[in-house]
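Contents: one structure, followed by commentary.
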Amino acid sequence: MHSLNLRRYRIYLIIIVSLSFLSIGFSQSRAIIKGNVSDQFGNLPGARIAIEGTDKNITTDVNGNYTFDVDEGDYVVTAGFVMYTNVSKSVTVKVGDTVTVDFILKTGFSIDQPVSLGSRAKPKSLLENTAAVDIISPQQLSNSSQVELSHILHYLIPSFHSTNQTIADGTDHIDPATLRGLGPDQVLVLVNGKRRHSSSLLNVNGTIGRGSVGTDFNAIPIAAIERIEVLREGATSQYGSDAIAGVINIILKKQIEIIQVDNRVGINTEGDGLQVYSSANFGLKVGKRGFINVTAEYRDREAINRAGDYTGRVYSENEAADILAIEQNNFYNQTGYSGRRVMEIGSAETQNLALSFNGEIQMSDYATFYMHGGRNYREGTSKGFYRFPKDQDRVVLELFPNGFSPEILTDIQDDAITLGVKGIKNSWDVDFSHTIGINRLDYTVNNSNNASLGMMSPRTFYAGGFLYNQSTTNLDISRNFDWLSGVNIAFGAELRVENYEIIAGEEASYIDGESTFVDELGEEQPRIVGAQVFPGFRPENELSRFRTNSSGYVDIEANLTDKLLLRGAARYESYNDFGGQAIWKLSGRYIINDGISIRADYSTGFRAPSLHQVFFQNISTQFINGESVQVGTFNNESAVTTEAFQIRKLKPELSSHFSAGVSGKINDKITFNLDYYLIDIDDRIVLSGRFAEGYETILQPFNVGAAQFFTNAVDSRTSGADIAVNFRSQLGTGQFGASLGANITDTKVKGEIKVSEALEGQEEVLFNREEVARVENGQPNYKFNTLLSYDIDQFGFQLVNTLFGEVQFVHPEDGDPNNWIVNEFTGLVASRDQTFSPKLTTNMMISYQVNDNVKCTIGGNNVFNVYPDRHKHSANTEDGNFIYSRRVQQFGVNGANYYIRLLLRL
């Protein structure tokens, strides 16, 4: 027994000694490469370090340091950071060596950065790409004075336009956003290359994008974004429906080992619009090569009010009696507004909370699981037109003896998640993913009444809402071949399922209580049905509709020589409701020399009618020339639309897109891009004007005074140019940067307005001169952005100027001078049409880097307190309420705003 135990001990000893020698041998066969990455101002946390020819790549820690364990050998180590020039160094290591390789990176240009948009091959820089792409870098995002994504893009991308709207129901809380002067639904939004869902809100008020559905950019937290790529050319054949004007790809952060906390507080010089912003972003390593990046963001903005003094009647149409009643009832002191204001006109009050994530898990050397998504919740409060006690058809005096200022409360929840696997199989790159996006908007009407219910009316109503759900499955396969100077073949498929719902409100929000009132002539009159400011959706409006879309594409990219690249793409999409559509694209790029290249493309495209445009229906209160009218929007299923107006089923918008451009680089200090574009769109889907006269019998059962609907009514042509020039150089001991970006665009409605046989002769009603002008002149005809920055020691200075071109408001009835009315400002009979002149706004910022972990900033937006032109015709102010236009806007009416910011890196 003793000898057996001794034998076992000997065996154990041999195993232990053997393992020890193996471990020694193993440790001695390894070496270490480590170092630090910095720029002239300090360490660069989150910089990407890679060993060429291997799968080894990591990011630097909070101090800018990195470490690799490697075998003995010769290596090339490359360090890079977005908007910095990559640096590579060769190193030789032997067993047991610890070699330090430090990098000092210099800032570079976007023209040198590889972009993922516009090509399914290996990412290329703008000089090598056939596509025109703008890049918003991490530095630009971090230094921006804005805290909402749509506004960041508005001031950094000249061809992008988005401002806060006012007195526009839900559009007050979801800003319409456009590219190259087209519509919100003619630009496609991607997140990490995957299609982003649109909002459930259909813009039906008189704002930019009327009749369209856009993406809620502000549901994506800016603290989660690493950079943004903007493809400025038609790309429907590559990415599918909607990409007529271009594609915006939002790339989320991948950084690890850092906690970044951003806090800002700002207020307007008018004393309103207090804005509080707070966010936190951090990353964690998962396994050896995986990560998870998490972001939380909170935004709170108080309301902004730029209403004018009310000049109309309050209690009676008799001037003397009204003045007396106003004094007796102390009217203006009980409205809740200052002075003689009776409305809130400006950016609405909002609270926004977002959580998002982005991650990857390495499953093997050849496969990676990835995921990203998040939830955004927003509460908004906006106001409508004041309801005065003189209007007893809409005000129950027993409840509101002095009238009331109704409120629209919105609850918007936006959810998104993408799960996917990407990897290599038999030398082919394979990417399979599934994305779900859900957007829900609910309306609550507060401080109002349903006049038809009389004294039984509640003051608060749930008015219903919308729900939009988009589920997208993608399979993308590509491979690069060594044919010619390199050929990439890509193909794939997409399956998309959409669901659109209208949710009915509570009964009191829409019911006809049949209450009446006695007018000044002693006659009994019916009261208006539904909650004032926003009547609830009726049960007959409630619906849930689905649509499926399947598509396939092929994309071939061939480098015929080292200088000449040609690309061709084709796509076929099939919808279960309107059928199929084939589109294609041809593009090319030629590198003249190392510093300049030219490119051109021609493509066809389309945009399918959204489910919202096909099925939306409701009754709304619209103010026309100061008078409220109940307007019914009837969808494509309604007998009113198909029989009374003979409107055909909606069909897709078809487009053609030509562009040509040149990109260049001079002495590593100056880069430039110049692009021309020409976009033709046929059968644009629009929301019609209001049809009333002659249709009373048809509309009477619906208790509405006018009808409107969606139809393919117009063709348009958009032409323009994009210009970008960047300069960067050492200035003294600091770094100086300057950039100029410009967009010049012109859109015209072509040919005649398309009407059905039943509406011949009513083209001016279907799409009147105001609506034509909204398409042609409702957005600035040019925009110039300049940015000057200087970083020296621990200080940073930034100056941003934005010149907005003119916009034009055209009154629907003023085409005939016989309809002109007296302008009380001048006493002359004049047109209400007005062109609003160009305006220049200036943003300034000064920052101080306290240490590696703390940065303080003070800055201002629109520091010279510039406002748009005021209305010149008294009738456009609607009894003095509107000093500035709510129909066309260049940059909003906030005025000057100042803020302080504290940025922490932990």
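Nothing in this text is a laboratory measurement; each read-out follows from the coordinates by a stated rule. None of these values were measured; they are calculated from a predicted model. In this analysis, Cβ positions are derived from the backbone assuming ideal geometry, glycine residues included, and neighbour counts consider all displayed protein chains.
Things to note:
- C-alpha center-to-center spacing [region 47-69, region 306-332] in angstrom: 71
- The residue among MET844, HIS657, ALA493 whose Cα reaches farthest toward the positive pole of the charge dipole of the chain, with charges on the beta-carbon of Lys, Arg, Asp and Glu, is ALA493.
- DSSP assigns beta bridges within the chain; of those with both partners inside it, close to 95 percent run antiparallel.
- The length gained by stretching the chain between GLU379 and TYR676 to full extension, at 0.36 nm per residue less their Cα-Cα distance, is 102.8 nm.
- Alpha carbon centroid spacing (whole Å) that separates region 96-137 from region 857-884: 42
- Förster-model FRET efficiency, 56 Å R0, ASP69 and GLU506, C-beta, rounded to 0.05: 0.30
- The alpha carbon centroids of region 189-208 and region 148-166 are separated by 14 Å.
- Electrostatic bookkeeping for ILE228 treats Lys and Arg as +1 and Asp and Glu as -1; over the other residues with beta carbon under 13 Å from its beta carbon, the sum is +1.
- 222 nm mean residue ellipticity, helices alone, for the chain (DSSP H n ≥ 4; -39,500 (n - 2.57); rounded to 500): -2500 deg cm²/dmol
- Extension gain, LEU274 to LEU560: 0.36 nm times the residue separation minus the Cα-Cα distance gives 97.2 nm.
- Within the chain, longest stretch clear of exposed trypsin sites (Lys or Arg not before Pro) (DSSP loop, no more than 10 other Cβ within 10 Å): 289-906
- For the chain, the longest principal axis of the alpha carbon atoms and the long axis of helix 319-329 meet at an angle near 60°.
- The chain, dipole about Cα centre (Lys/Arg Cβ +1, Asp/Glu Cβ -1), debye to the nearest 20: 4260
- About the centre of its Cα atoms, region 139-205 shows a dipole size close to 360 debye [charges on the beta carbon of Lys, Arg (+1) and Asp, Glu (-1) only; nearest 20 debye].
- Applying 1/(1 + (r/R0)^6) with r as the Cβ-Cβ distance of LEU828 and GLN622 and R0 = 30 angstrom yields a FRET efficiency of 0.55.
- Candidate cross-link partners of LYS383 among the lysines, defined by an alpha-carbon separation under 26 Å and a same-chain spacing of 8 or more, comprise LYS872.
- Among [x] 35.4; [y] 32.7; [z] 29.9, the entry that matches Kirkwood radius over Cα pairs in Å as calculated here: [z]
- Ignoring lysines fewer than eight residues from LYS750 along the same chain, the ones with Cα atoms less than 21 angstrom from its Cα are LYS651.
- Positive-end residue of ALA600, ASN376, LEU441, charge dipole of the chain with Cβ unit charges: ALA600
- In region 713-784, the GluC sites (Glu not before Pro) that fall in loop regions by DSSP, at most 12 other Cβ within 10 Å: GLU752, GLU760
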